[in-house]
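Here the structure comes first, spelled out in structure tokens, and everything after it is commentary.
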Amino acid sequence: MNIDTGDTAWILTSAALVLLMTPALGFFYGGMVRRKNATATIFQSFIIVALISVQWVLFGYSLAFGPDRGGIIGGLEWIGLTGVGAEPFDAYSKTIPHQVFMLFQMMFAIITPALITGAFAERKKFSAFIVFTLAWSTLVYDPLAHWVWGDGGWLKRLGALDFAGGTVVHISSGVSALVCALLIGKRRGYGHQPMPPHNLPMTVMGAALLWFGWFGFNAGSALEANGLAASAFLATNTAAAAAALGWMFTEWMARGKPTVLGAASGAVAGLVAITPASGYVGPVSALVIGALAGGLCYTACNVKSRLGYDDSLDVVGVHGVGGTWGAIATGLFASKAVNEAGGDGLLFGTPGQLWTQIVAVLATYVLAAVMTTVILKVVDAIVGLRVAADDEVAGLDLSQHSETAYMLGGGSYGEFTSSGGAFAEAMRAADAKPRPAH
């Protein structure tokens, strides 16, 4: 089949929308941390764009989507994008260039490890973050993408439905986030000191940009500019809106007041939950999936304090729980009337689809949990996972990058110079030097 210029234009546009989501995530997370960690948090999302773009071109894409090796991993025939050119590759799309498909999938590979950074915010070494991100993308994301979406992947052959990344993106990052929170440990002062978001407008801006970019994430996964893309677009917006309301009203009833942070988190939870189902369900099903996601994820985020782990920015509660609910909900609400290439869920007469979804969820749990544990142990042995105590008190902006987010109005500089450490001593010494007159 000939390349369709409309399809190609839509997928390139969708790739750009998904790319926007990673710096948007930086704003979403950056506003939720304390002021002294704002720049470092945003930087993690930003630099992942560069890091995984290079990894994907060199070998990541080949591992994820290359010629199948036993249903587990792609071969290295496409290393350095050898053979990935302007002609379509029929196994993935007949109407867009293979290179366009590769670019679209690159953006998914970029944002997924960025999601995990919210779990270890404010306490992980930058060097450890770099090594962990490369290893995790290679050993968790790439194999899982092959299992679910790759030509010959074992979960794809099993019939698991994941339209845009419920298992591959959200469950994998959510489970890995939990492992990170447990192994790296709590922030200093967690549970004893207040740690409120320092900039809620930044967080809401990030959430709004995520909502905007998510249309490329889900509607672009149709891989054509067609009715299915429109249906996924509608399902995405409907679920996000329902979840924002669901979280807001649940919080309102529980705490007496609605919050903007809750509404923003609810919208993201709805986007997460609808992701695997977006190309298989109609608007009413999307409404139900989103509304339930809002309440479920709100509850999950409030349980963490009782369970005793410090998931700084609620990656587990939003992406882990929301992604799990979305994958299972796909097994309930999927309908061939929406997408003939999909399947019917339990409510449309096929109970087996629900079981297949559960198998996919459990397989994702196991891969992400085991490999993340191994990676963290190795990284800890090589460079150490966590910053020194005085560096954590000072904040990662200064201790890891010698920068601050805000130059006026006080902030982390005073905390930093009052702490110990060689860098703090150097800064105090610099301050003691006479300044030239102007």
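How would GLU340, GLU251 line up from fewest to most surrounding beta-carbon atoms within 10 angstrom?
Listing GLU340, GLU251 from fewest to most nearby Cβ atoms yields GLU340, GLU251.
For the pair ILE72/TRP252, report the inter-label distance in nm, with labels modelled 7 Å from Cα in the Cβ direction.
Each label point lies 7 Å from its Cα, and together they span 5.2 nm.
Å³ per residue of the Cα convex hull, for the stretch 126-185?
Spelled out: Cα convex hull of the stretch 126-185, divided by residues, is 84 Å³.
Please find the FRET efficiency linking ALA91 to TRP355, where r is the Cβ-Cβ separation and R0 is fixed at 25 Å, and quote it to the nearest 0.05.
About 0.45, to the nearest 0.05.
Expressed as a rounded percentage, what relative contact order does the chain have, with Cα pairs under 8 Å and six or more residues apart? Kindly include the intermediate steps, with their values, before the conclusion.
Values: 903 pairs, mean separation 92.0, N = 438.
Relative contact order comes out at 21 percent.
Between ILE96 and residues 5 or more places away or on another chain, which pairs have amide H atoms under 5 Å apart, with H built 1.01 Å from N, and which residues are they?
ASP4
At a temperature of 10 °C and a viscosity of 1.306 mPa s, determine how fast the stretch 61-208 diffuses translationally according to Stokes-Einstein, using the Kirkwood radius over alpha-carbon pairs as Rh; express D in µm²/s, rounded to the nearest whole number. Please report the intermediate quantities before stating the final value.
On the way: Rh = 17.2 Å.
It comes out at roughly 92 µm²/s.
Report, in listed order, any pair from LYS156/LYS377; LYS186/LYS304; LYS156/LYS336 with a Cα-Cα distance greater than 21 Å.
Violating the 21 Å limit, Cα to Cα: LYS156/LYS377.
Return the long-range amide H neighbours of ARG386 (sequence gap of 5 or more, or a different chain), with a cut-off of under 5 Å between placed amide H atoms.
Placed amide hydrogens put LYS125 under 5 Å from ARG386.
Once the convex hull of the alpha carbons of the stretch 5-382 is built, what does its volume come to per residue, in cubic angstrom? Write out the running numbers ahead of the final one.
Details: hull volume 45.1 nm³, N = 378.
Taking only Cα atoms, the stretch 5-382 has a hull volume of 119 Å³ per residue.
Sort SER399, SER53, SER93 by Cβ crowding within 10 Å, fewest neighbours at the top.
The fewest-first ordering by Cβ neighbours comes to SER53, SER93, SER399.
Bear in mind these aren't lab numbers, they're just calculated from the coordinates by the rules spelled out. Owing to the predicted nature of the structure, the values given are computational and were not obtained by experimental measurement. Glycine gets a Cβ as well: all are built from the backbone with ideal geometry, and neighbour counts include every protein chain shown.
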